[in-house]
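Below is one structure; the comments refer to it alone.
The values are calculated or read from the model by the stated rules, or taken from the named source; none is laboratory data. Predicted model, so just to flag it, every value in this text is computed and none were measured. Because the Cβ atoms are built from the backbone with ideal geometry, glycine has one as well, and the counts that use them run over all protein chains shown.
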Amino acid sequence: MKTAIVILNWNGQKLLEQFLPSVVNFSSELADIYVADNASTDSSIKYIKEFYPSIKIIENTRNEGYAKGYNDALCAVDADIYCLLNSDVEVTKDWLNPVLEVFKTDKNTAVVQPKLLDFKDKNKFEYAGAAGGFLDLFGYPYCRGRVFNNLETILLNLMIFLIFSGHLVHVYLFVLKSINK
């Protein structure tokens with residue numbers, strides 16, 4: 001199966017310098033690597049051409065945002081599997097093998113989402129967007145295992161206040177029950 005890793009970039013030379021080496025080192029044998037540039041005004045394209053000539057560059061004529069940037073770029077990529085990889089992601093050895101194996105062994109698979117480790121604390125999962133997480137009573141996403149420990153202490157204090165004032169007891173109990181599963 002032909003695989004393409006597509007990284008959207010806009011004025012992200014510093015991110016490319018930091019994270020592109022891991023992508024090239026641990027992916028180039030299994031996939032074609034593309035950088036889709038959203039009309040950067042920094043030296044991103046020059047940097048890629050100079051240090052990573054094997055990377056294919058797609059130059060969007062305007063920066064029309066994340067979704068349109070990827071949509072426009074993917075029209076120029078011929079592959080069976082598309083990996084949309086943010087420019088601030090560090091990949092590790094063999095990161096791509098399990099993903100490709102799923103596509104090879106299960107023909108009904110259309111989309112996969114890996115578990116992401118926090119860049120600064122690799123003992124925790126990243127939960128930006130809370131993929132696999134829950135919604136709190138205000139509709140904000142959170143990830144099981146991290147709520148109430150450090151990031152959401154303000155929310156906890158508010159919920160405790162609401163509970164003691166006679167409101168939302170059932171919501172609080174639901175959240176606790178969900179966390180303890």
Review point. Which one of the conditions (1) closer than 18 Å to F19 by Cβ; (2) under 17 Å from the mean Cα position of the chain (by Cα) does V112 fail to meet, given that it meets all the rest?
Key: (1)
Check your understanding: Tell me, which strands (runs of 3 or more DSSP E) wholly within region 1-71 include 2 or more residues that are in contact with a Cys (Cβ under 9 Å, 6 or more places away or on another chain), under 14 Å from L85 (Cα atoms) and of a type in the set (V, I, T)?
Key -> 3-9
Check your understanding: From the residues in region 88-133 that are at positive phi and at pLDDT below 75, which one is surrounded by the most Cβ atoms within 10 Å (Cβ to Cβ)?
Key -> A130
Review point. Pairs, please: C-beta under 7 Å, at least 6 apart or cross-chain, first residue among the polar types (S, T, N, Q) and in region 108-119, second part of a loop (DSSP other than H, G, I, E, B)?
Key: Q113/A131
